[in-house]
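Encoded as structure tokens, the structure appears first; notes follow it.
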Ligand code: DAH
């Protein structure tokens, strides 16, 4: 007698063969008894068939992997039903042993096959549940990678550095928290002198070695002194000294806030000191710079008399575009002048021998003009609608 499955491979019926005659789906075979599992097994029925049927039912009932392992132990564990049958083999005569052993092994294999099938089914179900939980909506827009870019002020600063470097200037950097001497006194701006109120300075709650409050530098001009001092020291005692030619861009601070002033802003200081440097050099050099910075020859320069304690004579530099949207208006871009003899002395140089000029330009102002902005404040607000235009 053989039994075959009606509905595909059953866990119990690993070797389905229609030995009992052809049976269509849903029909019983003409020959062969029906097993209790409503399937037809290729194994002949015997006294172990109920055990295999029980195992199958138990495994099917197990709802979790732990329950399945417990069910397995009831059949294949140390005191499991299959194991008990195997143990009982020892008491049989040798010729009975062989047949009985084969029978138990066949039942064991069927139980194992049922177990593995249930394990697989559980793993599949778990995977499906997981996939369902992590379902992906492929129609959602992808996550964008933010593209960084240089701030317009940084772009302007890099441009300035590149242009001046091409004209033989060094680029120097210095402290933003300064001493009173470097910010004012060394620049011929003595204590209690009214010219100090030209800049409404931020002070830091710490005093320097001379008992003066430190300040957030109100301009980049202290860098003239710092750089020139180091240069003078380097060439002290030598017959000649190469010209000082430096720019010092960086952050500066003043108690000031309106459409064209922010408490923190950027300046670039320029200094050229040698034995034969004149205002004429300043004029040509600055015109070259402006033409390169704005990429146009259609621009004029004007020096307007002014006052700074550290230069004599002093001048504001105005520019005027002959074409474009800013055409025809004089625009102030820089302070400048011939370095005051007292400042030359404070640099550690001899004003009888050394002469030169200096300038201090607003980097944000230059950026505004270059990028066609009429308000300085957006440069400091971090608004992406502005910044995204510079990617
Ligand atoms: N330090 C000045 C300011 O902040 C600008 C300036 C004017 C710098 C004349 C200079 C200069 O080097 O020669 O307003």
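Only the coordinates and a few stated rules stand behind these numbers; no lab work does. Computed from a predicted structure; not experimentally measured. No Cβ is skipped: glycine too gets one built from the backbone with ideal geometry, and neighbour counts run over all protein chains shown.
May I ask you to derive the FRET efficiency for residue 212 and residue 373 from their Cβ-Cβ distance with R0 = 45 Å, giving the value to the nearest 0.05?
0.75
When the Gaussian network model of the chain links Cα atoms closer than 10 Å, the mean-square fluctuations of 50, 242, 175 top out at 50.
Take the alpha carbon atoms of the stretch 49-129, find their radius of gyration, then divide it by 2.2 N^0.38 Å using N residues; give the quotient.
Cα Rg divided by the expected 2.2 N^0.38 Å: 1.24.
Spacing of the modelled spin labels on residue 391 and residue 165, each 7 Å from Cα toward Cβ, amounts to 2.7 nm. DSSP beta bridges fully contained in the stretch 170-297 are about 90 percent antiparallel.
Three semi-axes describe the equivalent ellipsoid of the chain; taken as square roots of 5 times the Cα gyration tensor eigenvalues and ordered largest first, they are 99, 26, 18 Å. Projected label points at residue 46 and residue 91, each 7 Å from Cα along the beta carbon direction, are separated by 1.8 nanometres.
By the count of neighbouring beta-carbon atoms within 10 Å, fewest first, 157, 377, 226 end up ordered 377, 226, 157. If you build a Gaussian network model of the chain, linking Cα atoms that sit under 10 Å apart, which residue out of 118, 304, 217 swings the most? Largest GNM mean-square fluctuation: 118.
Any idea what the relative contact order of the stretch 49-129 is, in percent, if you count C-alpha pairs under 8 Å spaced at least 6 apart?
36 percent
Once you've got the GNM for the chain with C-alpha springs shorter than 10 Å, pick whichever of 314, 221, 139 has the biggest mean-square fluctuation. Its mean-square fluctuation being the largest, the pick is 139. Applying 1/(1 + (r/R0)^6) with R0 = 30 Å to the Cβ-Cβ distance of residue 123 and residue 74 gives a FRET efficiency near 0.90.
Summed over qualifying helices (DSSP H, 4 residues or more, each -39500 (n - 2.57)) and divided by its residue number, the chain shows a 222 nm mean residue ellipticity of -11000 deg cm²/dmol. For the chain, the longest principal axis of the alpha carbon atoms and the long axis of helix 49-61 meet at an angle near 30°. Computed from Cα atoms, the angle from the helix 222-234 axis to the main principal axis of the chain rounds to 80 degrees.
Ordered by the count of other Cβ atoms within 10 Å of each Cβ, fewest first, 272, 213 give 213, 272.
Note on the stretch 185-330: Cα-only Rg and Dmax are 17.9, 53 Å. Distance from the alpha carbon centroid of the stretch 79-101 to that of the stretch 289-345 works out to 110 angstrom. Each of 277, 339 was scored by other Cβ atoms within 10 Å of its Cβ. Listed from fewest to most, they are 277, 339.
Can you give the % of DSSP beta bridges in the chain that are antiparallel, to the nearest 5?
Just about 95 percent of them are antiparallel.
Taking the longest Cα principal axis of the chain as reference, the axis of helix 65-76 is set at about 30 degrees.
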